[in-house]
Amino acid sequence: MTDEKAVVQVKNLFMTFKAESKKTAEITAIVDLNMQINKGELTALVGPDGSGKTTLLRLIAGLYKATSGSLNVLGIDVSKNPQAVQDRISYMPQRFGLYEDLSVQENLDLYADLHGVPKDVRAQRFKRLLDITDLTQFTQRLAGQLSGGMKQKLGLACTLVRSPKLLLLDEPSVGVDPLSRRDLWIIIEQLVQEENLSVIISTAYMDEAEKCAQVYIMHEGKILKQGSPEQLKEIACGQTWNIKPSEQIKARTLQAQLLDNHI
């Protein structure tokens with residue numbers, strides 16, 4: 001039975017891959033995972049590389065089939081009907097496939113064609129997306145001539161041409177300059193507030209997680225903690241951490257990094 005408030009419901013989910021190494025037969029990427037993500041919320045999956053964030057997003061997107069457990073997205077059992085889920089959501093992976101020899105407008109047109117967006121709604125949708133991404137004056141520029149931040153904005157716009165009910169973003173700000181990173185988050189927050197869009201975003205940055213309504217801390221395929229940013233801060237309040245840096249990092253460099261991140 002699904003909760004009407006939920007866009008994603010996960011119960012006792014496991015995901016196991018065959019290992020490429022001969023040392024072990026299988027790798028368990030998701031371990032007995034349970035979660036519920038509600039409509040109209042901005043939700044963060046936070047954790048280091050290898051924590052299971054990308055695997056979980058791909059499971060939600062219907063790109064992987066879980067080994068066991070249940071996963072419902074928008075009230076649909078993903079294991080039984082992944083295509084129905086994919087018709088209603090949008091997923092932006094870390095490396096989004098822009099066509100660099102096409103212009104900004106041609107990329108939007110192409111993705112609208114691929115997603116079957118009706119011709120009569122395209123002009124209004126394109127205007128909205130170009131406005132919020134500040135790409136209106138660059139519609140004739142080739143995607144390959146855009147800066148890294150502008151490419152990410154175009155990728156986000158292409159992901160949104162179909163007006164999805166759920167948006168999945170896999171570390172969209174990685175490799176983006178600080179100004180473009182800020183702009184991306186302004187766009188994401190605007191979509192949640194103005195369009196009541198449900199967004200799940202993976203990130204390794206705690207300052208990004210603070211912008212979200214709910215945060216799931218992941219490690220080795222498990223959820224360690226979950227709650228609002230305020231609740232998680234209360235849990236960590238007063239705790240002391242002993243850090244042993246690798247021999248390659250100088251103490252002064254580590255101190256500077258910790259101060260820059262307000263740790």
(request) Identify, from the list Gly175, Gly155, Gly116, Gly149, the residue that is touching an Asp or Glu at 6+ places or on another chain (Cβ under 8 Å) and either under 28 Å from His219 (Cβ atoms) or not polar (S, T, N, Q) (or both). (result) Gly149
(request) Test Arg88 against the stated conditions and say whether it is modelled with pLDDT of 95 or more and of a type in the set (D, E, K, R). (result) yes
(request) Mind listing whichever residues of the stretch 14-30 are out of contact with any Asp or Glu (no Cβ under 7 Å at 6 or more places or on another chain) and in contact (Cβ under 8 Å) with a residue 24 or more places away in the chain? (result) Met15, Thr28, Ala29, Ile30
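Each row is one residue, and each column tells you yes or no for (1) surrounded by 20 or more Cβ atoms within 10 Å (Cβ to Cβ); (2) of a type in the set (Asp, Glu); (3) within 20 Å of Val104 (Cα to Cα).
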{"site": "Leu160", "(1), (2), (3)": "yes, no, yes"}
{"site": "Gln193", "(1), (2), (3)": "no, no, no"}
{"site": "Ile200", "(1), (2), (3)": "yes, no, no"}
{"site": "Met206", "(1), (2), (3)": "no, no, no"}
(message) I need the helices (runs of 4 or more DSSP H) fully contained in the stretch 67-135, keeping only those with at least 3 residues that are in the same structural domain as Thr54 (by TED's automatic domain parsing) and under 30 Å from Ala29 (Cα atoms).
(response) 82-86
(message) Residues that are assigned to a strand (DSSP E or B), of a type in the set (Phe, Trp, Tyr) and under 25 Å from Gly227 (Cα atoms): does the stretch 1-24 have at least one?
(response) yes
(message) Tell me yes or no: at least one residue of the stretch 156-170 is within 14 Å of the chain's Cα centre (by Cα) and among the hydroxyl-bearing types (Ser, Thr, Tyr).
(response) yes
(message) Looking at (1) more than 23 Å from Glu41 (Cβ to Cβ); (2) touching a residue at least 12 places away in the same chain (Cβ under 8 Å), which one does Glu171 not meet, given that it meets all the others?
(response) (1)
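State yes or no: is Lys211 more than 16 Å from the chain's Cα centre (by Cα) and either among the aliphatic types (A, V, I, L, M) or outside the structural domain of Ala123 (by TED's automatic domain parsing) (or both)? I'd like the intermediate steps shown before the answer.
On the way: more than 16 Å from the chain's Cα centre (by Cα): no; either among the aliphatic types (A, V, I, L, M) or outside the structural domain of Ala123 (by TED's automatic domain parsing) (or both): yes.
The answer is no for Lys211.
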(request) Identify the residue in the stretch 25-65 that is more than 15 Å from the chain's Cα centre (by Cα), not hydrophobic (A, V, I, L, M, F, W, C) and not in a loop (DSSP other than H, G, I, E, B) and, among all such residues, is farthest from Val8 (Cα to Cα). (result) Glu26
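Please return the ranges of helices (runs of 4 or more DSSP H) entirely within the stretch 144-263 where 1 or more residues are polar (S, T, N, Q) and at pLDDT 90 or above.
Numbers: elements: 148-159, 178-195, 206-209, 229-236, 251-260.
By residue number, 148-159, 178-195, 229-236.
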(message) Take the residues in the stretch 101-139 that are of a type in the set (D, E, K, R) and loosely packed, with under 12 Cβ neighbours inside 10 Å; name whichever of them is nearest to the chain's Cα centre (by Cα).
(response) Asp131
(request) Report the residue count in the stretch 141-162 for those that are within 14 Å of Val174 (Cβ to Cβ) and basic (Lys, Arg). (result) 1
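The values are calculated or read from the model by the stated rules, or taken from the named source; none is laboratory data. Note that this is a predicted model, so its numbers are computed, not measured. Cβ atoms come from the backbone with ideal geometry, glycine included; neighbour counts cover every protein chain shown.
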